[in-house]
Structures are given as C-alpha cells and as structure tokens.
1. Less than 15 Å Cβ to Cβ from residue 160, Lys/Arg counted +1 and Asp/Glu -1: what total charge do the surrounding residues give?
2. For segment 125-171, what does the accessible surface come to per residue with a 1.4 Å probe? Please give it in Å².
3. If R0 is 22 Å, what FRET efficiency do you get for residue 152 and residue 100 from their C-beta distance, rounded to 0.05?
4. Given 57/85; 39/208; 85/154, which pairs have Cα atoms separated by over 30 Å?
5. Between residue 124 and residue 48, what is the label-point separation in nm under the 7 Å Cα-to-beta-carbon projection?
6. For segment 38-81, what's the relative contact order in percent, using C-alpha pairs closer than 8 Å and at least 6 residues apart?
7. Do you know the relative contact order of segment 98-170, to the nearest whole percent, from alpha carbon pairs under 8 angstrom that are 6+ apart?
8. With only alpha-carbon pairs counted, each pair once and no self-pairs, how large is the Kirkwood hydrodynamic radius of segment 108-156 in angstroms?
Amino acid sequence: MKLAGAVVLLVFLTGCATTQRSDGPGTGGSGPSPSPGAKPAVKKELPWLNVPGGRMKTTLFYGPWQCRREFMNGCQRECASEGYKLMGCMWLADFKFDWEGRLVALPVPVKGGSRYGIYHCCCDYPELSPEDNAAQRKAWSRFRTSFRKAWSEKFGQWPEQGGVSWPGHHIRDLWHAGNPVDPNNVFPAQPDVHEVYNDQYPACYGGKSPWNTVGPNLPYTDN
C-alpha cells in the first residue's frame, strides 16, 4: 500500500502499485455486485471529518483476500522492476471515502465517494538480519505517536479498542526492508485482523495457496 498525504474530494494518491482504485459497493453510486460466495467484511466506520468544502467519512473494510487479477498483474510488474520474483499477492483492505458538501460555483448539496484497495506484493525480498530488524522497529516506535496524530487529521480518528490504539500495519513488512516511517507504508489494522496478516505473510512470501493464485474481482460485501 501507499497511503498518501492530504485527501481532497476523496482522491487517494497512489504509488508502487500497492494502493489502487477498487470500485466496489457504494463507490461513486452503486458499483459492481460482489462476486458469488462473497461474505461480509470486517468493517470499521470512522467519524465524519470536516474538510474544505464539506465533510468526509472513512470506512475501512478488512481482508485479507486473494488479489484480483488487476492487483496480481501489478505485483508481477512491481517485483520484476526491482529484479525480484513474485511469490504471492495479498489484498489487505479497502478504504471507502464518502464526501458531502456544496459546490462553490453552484451552491447546491453534493455527495461523492470512492474506494481504494490496499494490497501487498510478496516478492522474494531477502530478510533483514535480527539486528537490522530491531533497528527498524525502534524507528517505528519513535515515529508511531506523531504518525497516528497526522493520520487522524487526514482520515478520521485513529481507531482504538478498549482505550488502546489499534496497531499500525506495515504493508511491506519490516523483516523484508519495509520503510518503518513511510506514511504510505502504514495503516491502522483491527487487532484480530492484524494477527491474521502476520500469520499469513510467511505463506504469501513462501508462494503458498491461496496467495499465489488470483481471487474474485470483489470478494466481500458491505456489512
């Protein structure tokens, strides 16, 4: 994933093919229907946030799911461009943005929305040494508080559970040289889902099923 900086009228900035538009239910209107067998996703709806010209609401839908064909193809290109082999692809989450406001030139109420898929390319990156990995984690610990504050100002309050902040998930994990302080490499993950991510990453890097095969175009329903 590459979570971006400021959001203007629900535009998400993309990078390295790991945050991509993922039109789903409710995206800019009706959106396509879920694939057969799709199940409700784990969902977190954040409070409305005042933005220039109106207000915005962020809703998080969590997998992990198998990557759709578009995402898998993007990962193949990304790994090859860095001189690595693609082992698997994991669709981690979808971010849905709803916007309400008024047009400046024509003062009438308007609504809009967009949805973006966040996925991880499991290239055959070498693992860091334990010492280097520990240094990465220390850098994240120093950065964590200020990052959560900045994220909350852009997307809505960083979620908590029982008064404890949700963990930040590094899309490209620290063991495989993910940048610990890149805002585009971290997003809030529901604690139980974060454990699933951590459990499944080794299988993705190991080229194991189901992460080594393409999944449905839209694997979940809104709930």
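The values are calculated or read from the model by the stated rules, or taken from the named source; none is laboratory data. Note that the coordinates shown come from a computational prediction; the quantities given were computed from them, not determined experimentally. Here the Cβ positions follow ideal geometry from the backbone for every residue, glycine too, while neighbour counts run over all protein chains shown. The protein model used for the area step is the full one, side chains on, heavy atoms only, and it has no ligands, DNA or RNA in it. Shrake-Rupley method; radii C 1.70, N 1.55, O 1.52, S 1.80 Å.
1. Local charge sum for residue 160: +2.
2. Result: 58 Å² of accessible area for each residue.
3. Given R0 = 22 Å and the Cβ-Cβ separation, E is 0.65.
4. Pairs exceeding the cut-off: 57/85; 85/154.
5. 5.3
6. That works out to 31 percent.
7. 13
8. Roughly 14.9 Å, rounded to one decimal.
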